[in-house]
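Before any comments, here is the structure.
A short reminder: the numbers here are calculations on the coordinates, not readings from a lab. Please read all numbers here as calculations on a predicted model, not as lab measurements. Counting neighbours? That spans all protein chains shown, and the Cβs are built from the backbone with ideal geometry, glycine included.
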Ligand code: IPM
Ligand code: MG
């Protein structure tokens, strides 16, 4: 009997729908090669949900996600909705509540240089030669993003904006376990980021990280202040394996790490809850300027589907097969516009052609 998984498909705005179409074709291929079924339910999110249903995260979409085993998410936002109040905009109005409602406390953001694309990094060849492979593990449901009190209050020039950064021992502990377990499957090194020379949350953070680390004697742990980490990432990214961060530091450093690869449009991410539920989305944005033209790179969305198989469905073999198929089309020289460098061995392709090639490579890998 083949297994069946329920996937909530939230394509969103901009390039979301067209890159999602390619990821779904890859899932079709996985269905026929591995004994598995993906039952997909589509729901609106972001700007399109505002237009069609009046808000960025309609109740019907939440219900669809609740009935699913995982969420495959495209991207949200665009100029059309930029003038709405911040809380109602597609990004904040959809992403933050999804994270909170589904308890998606562990955000995994790989920053990998694909060997075929080292020329696309903004760093000097000498700094990145041999490539690097960083995993940012970001706490996603606590800290300054969500703690109370929060808001703007008072009158006139005495009005104040307030955000609070708060972390409990239990919140820190559970994200530590995610980082240490991830490191066990990688190079065994964790750098924990904080600002313990200034912030009380960071003092507690460092203390709890040390305590949890005692359960993982084989892991090499070190601590780094966030300002130094921002600098070390551009100085020598190869020194990092797993980077463990609270919510806001992780927001900032994960963008930095992703951009250093030169392939921001190629990187997936996973946001995991306790258990096997998760939401999977590309690290890049909705790119409204190129939407609907067949120019977008579908690889980040396809690799997000691969992470879904790996983390929510325990389909490691299929996930490895997708990752290998992506690597092989890159090695063949296929490039969407964002990663095309005009070299002789490169071939410029559309969103659909890239999807076709990955599906074909997946078929070959299995044969
Ligand atoms: C991200 C984004 C979000 C965040 C925004 C859009 C709310 O920057 O996922 O990194 O800050 O977490
Ligand atoms: Mg961000």
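Put in line by how crowded their Cβ is, counting other Cβ atoms within 10 Å and starting with the fewest, 223, 177 read 177, 223. Take the Cα of residue 87, go 7 Å toward its beta carbon, and the backbone nitrogen atoms of the stretch 115-152 under 18 Å from that spot belong to 144-152.
By other beta-carbon atoms within 10 Å, ranking 45, 7, 190 with the fewest at the front produces 7, 190, 45. Modelled spin-label separation between residue 39 and residue 348, with each label point placed 7 Å from Cα along the Cα-to-Cβ direction: 4.5 nm. When each of the peptides 79-85, 162-168, 250-256 is scored by how many other beta carbons lie within 10 Å of its residues on average, the order from highest to lowest is 250-256, 162-168, 79-85. Residue exposure proxy: 178, 19, 136, ordered by other Cβ atoms within 10 angstrom of their Cβ from fewest to most, comes out as 178, 136, 19. Rounded to the nearest 0.05, the FRET efficiency derived from the C-beta distance between residue 215 and residue 124 at R0 = 41 Å is 0.55.
Would you work out the relative contact order for the stretch 122-260, in percent, from Cα pairs under 8 angstrom that are 6 or more residues apart?
Computed value for the stretch 122-260: 37 percent relative contact order.
For the stretch 96-135, averaging the sequence separation of C-alpha pairs within contact (under 8 Å, six or more residues apart) and dividing by the residue count gives a relative contact order of 44 percent. Remark: spin-label model distance residue 198-residue 163 equals 1.3 nm, labels positioned 7 Å along the Cα→Cβ axis. Sorting the Cα pairs of the stretch 122-260 by distance into bins of 5 Å, from 0 upward, gives 2, 10, 19, 20, 18, 12, 8, 5, 3, 2, 1, 0 percent per bin. All C-alpha to C-alpha distances of the chain, sorted into 10 Å bins beginning at zero, yield P(r) values of 5, 23, 33, 27, 10, 1, 0, 0 percent in whole numbers. For the pair the stretch 294-356 / the stretch 143-208, the C-alpha centres are spaced 34 Å from each other. Available extension along the chain between residue 66 and residue 341 is 94.7 nm, counting 0.36 nm per residue and deducting the alpha carbon span. Working from the Cα coordinates of the stretch 14-159, the gyration tensor eigenvalues give, after taking √(5λ), semi-axes of 31, 26, 16 Å in decreasing order. Take every pair of alpha-carbon atoms less than 8 Å apart whose residues are at least six positions apart; their mean separation over the length of the chain yields a relative contact order of 21 percent. DSSP beta bridges fully contained in the chain are about 40 percent antiparallel.
When only alpha carbons are used to place a centre, the stretch 2-16 and the stretch 91-111 end up 16 Å from one another.
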